Amino acid sequence: MTNNFVLLVIILFVYGLAFFTMGLAIALESRRPSAFPLAHGLKYLAAFGLVHSMVEWIEMLVVIQSQLLIDVDAAPWRVIKVILLAISTVCLLLFSVHVLTETLQKHNWLHWLPAGLFVVWLGSFVIPHLGWIAGEPTAGLSTCLQCHPGQSQTYLTMSGEWLTSAEVWARYLLYLPGSILAALAILTQRSFLKSIHMRKVIIDCQRAAIAFTVNGVAAGLIVPPAPYFPASMLNYATFFTWLHMPPQILRAALAFIIAYFILRILRVFEVEKTRQLEAANRDRFEAQQAALEAQRRAREEIESWSKQLETTVKIRTRELEALYKIGTEISALLDLDRILESVVENARQLLGAEVATLSLLDEDAGELAVRAVAGTRTAAFQQIRMPVGRGIAGRAVALGEVIAVADYRIDPSFTHELDAIIEAEGLTCHIAVPLSVGDRIVGALYVADRSNRTFTDAEARLLARLANQASIAIENARLYVQVQNLAVLEERDRLAREMHDSLAQSLGYLSLKSNVVAGLLSKGEVSKAEAELRQMERAADDAYADVRESILGLRSTVLPGRGLITTLSQYLHKYGLQHHIHVELAVCDNVQIRFSPATEVQVVRIIQEALANVRKHAQASSAWVRFKAEPGWMIVTISDNGRGFDLDEVLARSGDHFGLQTMRERAESVGGQLTVHSTRGLGSEISVRLPESGNGGRL
């Protein structure tokens, strides 16, 4: 076993390993979503690396067989090698074309290039079969025998056979242009990399492009010996003669260089992922930061004030604690009037002033209307409506900044329409801050005192922070009312449609029966007519009960300030009186029930539908509604002591399970799950598993 043979085997193995490693790494990375134009063609580059590694390893196996004199026909392996070489180089062309067209946004004709070159290359299979290719004797065959000992010249040149032609033209027509275009495709990524400030990766792209170009020459022009030009002059044998080493050494080195720099270029995905995670984290915390912005600013200011006198620090700390307490208090409220009353009372106490008002902007009229007051002696303040820009609060809204006045009565810069009211109250010094939600001003918070004092900058900042918290609480209350009203209106519309359909069916049935009764009476069949009238009476009673129950359901709505449990308690009490069925409401372990407004509406409707089924079908004397908490979930069960039913039998009957389907759809609409358990003679139980919202729920 010669040293040249061992060296060639090692080179071919390493050559294939380099491309296999590159292909595998790219395949793993190419699944990531990315704005990097190069990413659009990475799947083809991965396929090139993986398939081309098979080409070199098949060549290694053929060399090993020839050295060990294994009696195996090498021709099939050579055929597979040539086919894989063509497939891999087509993949390289596809990579280059996709990246170039995606990056440059032109030259779409390039998409036809891989198919066109592949069709031309197929001629290398067909043409040799049409006749022997005449050519000059291949130079340097004795040199090739140094790496392929024991082989004939016919094996080395495949003279007169189609395999040599196929491999040579695969390298000329596919490998060489594929490598050159790949280098160009990689170079076009520089503008994108500059835009994301990755200049080191630009250098890697340049080096990878150089390596692809040199590899195109080494693997695309230096080909197996063949009896025609240029393969008869520039081939493996002549390369060995000139440089005293097989070309596979150069190719293996270039493969490692290409793999190294391509893998370095893939760092772009990690950088993109890191930046996306950073952006996601920023977006995630923006909402929370907006709600806590006033508190954060106050804490930052406290840190700067800590360098001042200890007395000042203690004063600011007390103010901050009071502000935090106020913010917590008003954030927990959902009723707008209560929020406004709390804000004005706390503003008065926080600044040690005697009067405070809160005005909201009527955008249609362009006026500020006072909505809440504290500390006034007369009711005149409560009727004030002023155009924006007039008065202290109006100017604060118009300018979007704090307005402070030491003595309003002698300040000529203000209009004095409110002088009579202010003099009646005895107010001298005033301060107002705008209430804003984002960039939109929604009102003003106004504080005044009857003593001769001047509001300091620190007090102005404190009032502004309170105004920020008040703005958030006011907006939350408005949004809550809108969502609640929308859910109620949608639910009332749906129930009204259900009532209309149910009542229409009942009236249709009664109309049909009345015709039957008229026919029976005309025939003198009084007894049958009386039986039909009794059926009509029962149908009318059922329709009456359904209408009363629907009206009761419409009135049972979770309104602000009432809460889910209070609403259910009132509904169940009326239900029991109306239908003579005792219903018990139980909240296990006094858990805190937290549902969104939409979920509360659906919970009430599911309970109403379940109890309607109890009234109509169960023949029960008692029913139970229970709430039980699980981590992140709330379980609501409605059970009865009625006759029960066979669930499979009910589901098999078309039209008999509309109520069950409606309840299931309601539960799923708010992310819940509904299950039904029933046994004949043992009652029924409906269980609804609902996610807790953690915000806005009320017990």
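Values as computed for the structure displayed
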quantity	calculated
Segment Val6-Ile421, length gained on full extension (0.36 nm per residue, minus Cα span)	138.7 nm
Residues of type lysines that Lys325 reaches as a straight line, Cα spacing below 19 Å, ignoring anything fewer than 8 places off in the same chain	Lys314
Gain on full stretching of the segment that runs from Val516 to Ile635 - 0.36 nm per residue minus C-alpha separation	37.9 nm
Summed side-chain charge close to Val90 - residues other than Val90 whose Cβ falls under 14 Å, Lys, Arg +1, Asp, Glu -1	+2
Carbon and sulfur %, accessible surface of the stretch 606-673 computed with the full protein complex present, 1.4 Å	48 percent
Förster radius 30 Å - calculated FRET efficiency between Ala458 and Leu479 (Cβ-Cβ, nearest 0.05)	0.40
R0 of 35 Å, Cβ-Cβ distance Arg299-Ala35: FRET efficiency to nearest 0.05	0.40
Per residue, in Å², the accessible surface of the stretch 1-59 once ligands and nucleic acids are set aside, probe 1.4 Å	41 Å²
Distance (nanometres) between label positions extended 7 Å along Cα→Cβ at Glu345 and Gln289	3.5 nm
Virtual spin-label span in nm between Arg538 and Leu585, 7 Å along Cα→Cβ	3.4 nm
The stretch 355-478, relative contact order [Cα under 8 Å, separation at least 6], %	24 percent
Relative contact order for the stretch 564-699, counting Cα pairs under 8 Å that sit 6 or more residues apart, in percent	31 percent
Sorted peptide list for 81-94, 625-638, criterion being average Cβ within 10 angstrom, highest first	81-94, 625-638
Within the accessible area of the stretch 206-268 (1.4 Å probe), percent carbon and sulfur	78 percent
The stretch 411-454 residues near the modelled Ala365 label - backbone nitrogen below 18 Å, point 7 Å along Cα→Cβ	417-418, 442-445
Set Lys273/Lys628; Lys528/Lys616; Lys528/Lys574; Lys81/Lys200; Lys43/Lys194; Lys43/Lys200 screened for pairs whose C-alpha atoms are more than 32 Å apart	Lys273/Lys628; Lys528/Lys574; Lys81/Lys200
Per residue accessible area in Å² of the stretch 561-674, where ligands, DNA and RNA are left out and the probe is 1.4 Å	48 Å²
Interchain or long-range residues, amide H under 5 Å from Val583's placed H	Ala623
For the stretch 180-306: accessible area per residue (Å², 1.4 Å)	52 Å²
Cβ-Cβ FRET estimate between Lys200 and His244, R0 fixed at 30 Å, reported to 0.05	0.25
Distance (nanometres) between label positions extended 7 Å along Cα→Cβ at Glu649 and Ile83	6.6 nm
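The values are calculated or read from the model by the stated rules, or taken from the named source; none is laboratory data. Predicted, not measured: the structure shown is a model, and the values here were computed from it. Note that each Cβ is placed from the backbone with ideal geometry, even for glycine, and that neighbours are counted across all protein chains shown. Note: accessible area is taken over every heavy atom of the protein model, side chains too, but ligands, DNA and RNA are not part of it. Shrake-Rupley method; radii C 1.70, N 1.55, O 1.52, S 1.80 Å.
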